[in-house]
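The values are calculated or read from the model by the stated rules, or taken from the named source; none is laboratory data. Since the model is a prediction, treat every value here as computed from it, not as a measurement. Cβ placement follows ideal geometry from the backbone for every residue including glycine, while neighbour counts extend to all protein chains displayed. Heads up: the accessible areas ignore ligands, DNA and RNA and are worked out on the full protein's heavy atoms, side chains in. Shrake-Rupley method; radii C 1.70, N 1.55, O 1.52, S 1.80 Å.
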Number of protein chains: 2
Amino acid sequence: MPFRSHMDVALAEARAAAARGEVPVGAALISPEGQVVARAGNRTRERSDPTAHAEVLVIREACAAAGSERLTGHDLYVTLEPCAMCAAAIAAARIRRVYYGASDPKSGGVAHGACVFSHPQAHHAPEVYEGISAEPAETLLKAFFAARRSGDS
Amino acid sequence: MPFRSHMDVALAEARAAAARGEVPVGAALISPEGQVVARAGNRTRERSDPTAHAEVLVIREACAAAGSERLTGHDLYVTLEPCAMCAAAIAAARIRRVYYGASDPKSGGVAHGACVFSHPQAHHAPEVYEGISAEPAETLLKAFFAARRSGDS
């Protein structure tokens, strides 16, 4: 069962990303004991790093803290459907479950396009639950892109 | 036309990775002017970072140096077919051409499985050239995995 409070952490990170001028996506990584071991929002602009998506940032942070390339038994909460890069990173890290908010037909790589977990090359497929707190996640994204189109950011 | 000397840089990085006990894959990123702007081999073990593939490392380094999320006009040489994570990072960075060595039916995400560049969600598809110096790249990988199976590493 997804924990709304964990997705609330991811949503808070998405809002913080928007405030920094980043695409508002946030993530939280949860230990097998239910603790938030890493939380992050996108930082691709700030760091000039196209790989600095929220999911990659929490995976890197948690792996560094654990001293391991694998996060067996950990769950990831993220406000938007992961792209192919993040999906493959999730598989490589052996994350147990992925809970995501908004669907991403344009850039998603889980339920769209590359469908990364659907191929044996992924080596590991987490359980995936979509639509968790999707509405606030979508609202944040729509407001961000509407503002960008109108030249506010 | 691929430059063997650029792939030789990538192969040298793959050999250095093997010497560190890492899966021997190397990459070199080439500027539009033909300069090697970043070179790296896998460091997933050393850094406890499942995203520290050679391709991601050179993209992150070159983007940081350029102060940009995009490497328009840059070419990537890598000794092995990129996985889905690296392929999506390559697309995000808008890399112009990818030259790779060995094919990777087991974990590849360019010509196998997710076929990341084949979906509109990738937003950018580089030109892809495979089989460049494939033989020495494969030899390195086979020797590494044979040694690992026999308990040498």
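Structural remarks
- When the criteria are applied in full, residue B:54 meets the requirement of being under 19 Å from residue A:84 (Cα atoms) and buried (at least 24 other Cβ atoms within 10 Å of the Cβ).
- Qualifying residue in the range A:59-66 (condition: of a type in the set (Lys, Arg), in a loop (DSSP other than H, G, I, E, B) and in contact with an Asp or Glu (Cβ under 8 Å, 6 or more places away or on another chain)): no
- Residue match in the range A:75-98 (condition: touching a strand residue (DSSP E or B) at 6+ places or on another chain (Cβ under 6 Å) and surrounded by fewer than 22 Cβ atoms within 10 Å (Cβ to Cβ)): yes
- Among residues that are open to solvent by less than 10 Å² (accessible area, probe 1.4 Å), within 10 Å of another protein chain (Cβ to nearest Cβ), within 13 Å of the chain's Cα centre (by Cα) and farther than 15 Å from residue B:51 by Cα, residue A:101 is not included.
- Condition met for residue B:141 (within 14 Å of another protein chain (Cβ to nearest Cβ) and open to solvent by less than 60 Å² (accessible area, probe 1.4 Å)): no
- Residue check for residue A:16: in contact with a strand residue (DSSP E or B) (Cβ under 8 Å, 6 or more places away or on another chain), assigned to a helix (DSSP H, G or I), more than 11 Å from chain B (Cβ to nearest Cβ) and of a type outside the set (S, T, N, Q): yes
- Test result for residue A:128, over 25 Å from residue B:91 (Cα atoms) and open to solvent by 20 Å² or more (accessible area, probe 1.4 Å): no
- Among (1) open to solvent by 10 Å² or more (accessible area, probe 1.4 Å); (2) farther than 20 Å from residue A:124 by Cα; (3) away from every other protein chain (no Cβ under 12 Å) - the single one residue A:32 does not satisfy: (2)
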